[in-house]
1. Among (1) in contact with an Asp or Glu (Cβ under 9 Å, 6 or more places away or on another chain); (2) over 21 Å from residue 54 (Cα atoms); (3) touching a residue at least 40 places away in the same chain (Cβ under 8 Å), where does residue 176 come up short?
2. Can you tell me which residue is farthest from residue 97 (Cα to Cα) among those in the stretch 167-187 that are among the aliphatic types (A, V, I, L, M) and near the ligand (Cβ under 10 Å from one of its atoms)?
3. Could you figure out which of (1) among the small types (Gly, Ala, Ser); (2) modelled with pLDDT under 95; (3) closer than 17 Å to residue 33 by Cα isn't true of residue 133?
4. It is to be established whether one or more residues within the stretch 12-31 are surrounded by 17 or more Cβ atoms within 10 Å (Cβ to Cβ) and modelled with pLDDT under 95.
5. Within the stretch 167-205, which residues are outside any loop (DSSP other than H, G, I, E, B) and surrounded by 12 or more Cβ atoms within 10 Å (Cβ to Cβ)?
6. Which pairs turn up if I take residues in the stretch 183-196 that are in contact (Cβ under 8 Å) with a residue 24 or more places away in the chain and closer than 26 Å to residue 17 by Cβ and look for partners that are of a type in the set (Ser, Thr, Tyr) and more than 12 Å from the ligand (Cβ to nearest atom) with beta carbon separation below 6 Å, at least 6 apart in sequence or on another chain?
7. May I ask you to say which residue of 127, 149 is away from the ligand (no atom under 12 Å from the Cβ) and crowded, with 19+ Cβ neighbours inside 10 Å?
8. Among the residues that make up the stretch 155-166, is at least one of them within 13 Å of the ligand (Cβ to nearest atom), part of a strand (DSSP E or B) and either more than 23 Å from residue 11 (Cα to Cα) or at pLDDT 95 or above (or both)?
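The values are calculated or read from the model by the stated rules, or taken from the named source; none is laboratory data. None of the values given here were measured: they were computed from a predicted structure. Here the Cβ positions follow ideal geometry from the backbone for every residue, glycine too, while neighbour counts run over all protein chains shown.
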Amino acid sequence: MELSDAIKSRTSIRSFTDEKINLEDIKNIINLAGYAPSVNNYQPWKYIVITNHELMQNMAGLVIKKITQIPLKKSIAAENLRSQVTWYSTFFKDAPAIIALAIIPDETVLEKAVQLSHEEINKIRNYPDIQSAGASIQNLLLAATEKGYGTCWLSGPMFAKTEIETMLNITAPWSLLTFVAIGKAKNIPKLKEKLNLADSIEIFD
Ligand SMILES: Cc1cc2nc3c(=O)[nH]c(=O)nc-3n(C[C@H](O)[C@H](O)[C@H](O)COP(=O)(O)O)c2cc1C
């Protein structure tokens, strides 16, 4: 598959067949995720694969609990919106696998030299650790697409970040960043419309 075809055909998949994922494929996909650029080539990431459905159910249960605890705004649509978000944050429980990404704070070159904390530098530079992780995840999504897998990137489960970290033995200085659900797509939805960025490029020549 051409890279441009993988880029254009990737779409978020939220319903999967029961087909188990091939662990060798997953290892290969995660390995390709590691070729992404990262700040100072620090590679601040670690991938965790979960195929245990009891664990996935338990994680989803915690996410539901956390979202339910958030007080609602006074609006007639509020309960409905919250249940939509709950579904989009928990459908991962029915995926053949979840790939979780944990990150570790990078030690910046500058913090060895100037009187700014790691957090201050990280904020000024717009969180290069998270930017790096985003590049890695996009590699992962594209590699999975090329291998015929469907994926969906999920930040919704992070409502129960602390609890899930405990379940996955993620301890400081590592922290859980996000989930990707992966499996064979049950059906491929119509591709989402994307902006034609070429039409809106600002060029300072
Ligand atoms: C950082 C990030 C977080 C996301 N979190 C969720 C999520 O929690 N649940 C979900 O169903 N989709 C999630 N998505 C998928 C987006 O909804 C999806 O990418 C978007 O609607 C565009 O559709 P496409 O991926 O098919 O192009 C997330 C995507 C990104 C990049």
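1. (2)
2. Restricting attention to the stretch 167-187, the residues satisfying the condition of being among the aliphatic types (A, V, I, L, M) are 167-168, 170, 172, 176-177, 180-182, 185.
Filter once more, keeping what is near the ligand (Cβ under 10 Å from one of its atoms): 177, 180-181.
Values: 177: 17, 180: 9, 181: 6 Å.
Step by step, filter the stretch 167-187, then rank; the result is 177.
3. (2)
4. To start, the set of residues in the stretch 12-31 that are surrounded by 17 or more Cβ atoms within 10 Å (Cβ to Cβ) comprises 13-14, 16, 21, 26, 29-30.
Now restrict to residues that are modelled with pLDDT under 95: 21.
For the stretch 12-31, residues surrounded by 17 or more Cβ atoms within 10 Å (Cβ to Cβ) and modelled with pLDDT under 95: present.
5. Pass one, the stretch 167-205, residues outside any loop (DSSP other than H, G, I, E, B): 167, 175-183, 185, 197-200.
Once the filter is applied, which keeps residues that are outside any loop (DSSP other than H, G, I, E, B) and surrounded by 12 or more Cβ atoms within 10 Å (Cβ to Cβ), the stretch 167-205 yields 167, 175, 176, 177, 178, 179, 180, 181, 182, 183, 185.
6. Filtered contacts from the stretch 183-196: 184/17; 186/17.
7. Values: 127 fails: crowded, with 19+ Cβ neighbours inside 10 Å.
Just one listed residue meets the conditions, 149.
8. no
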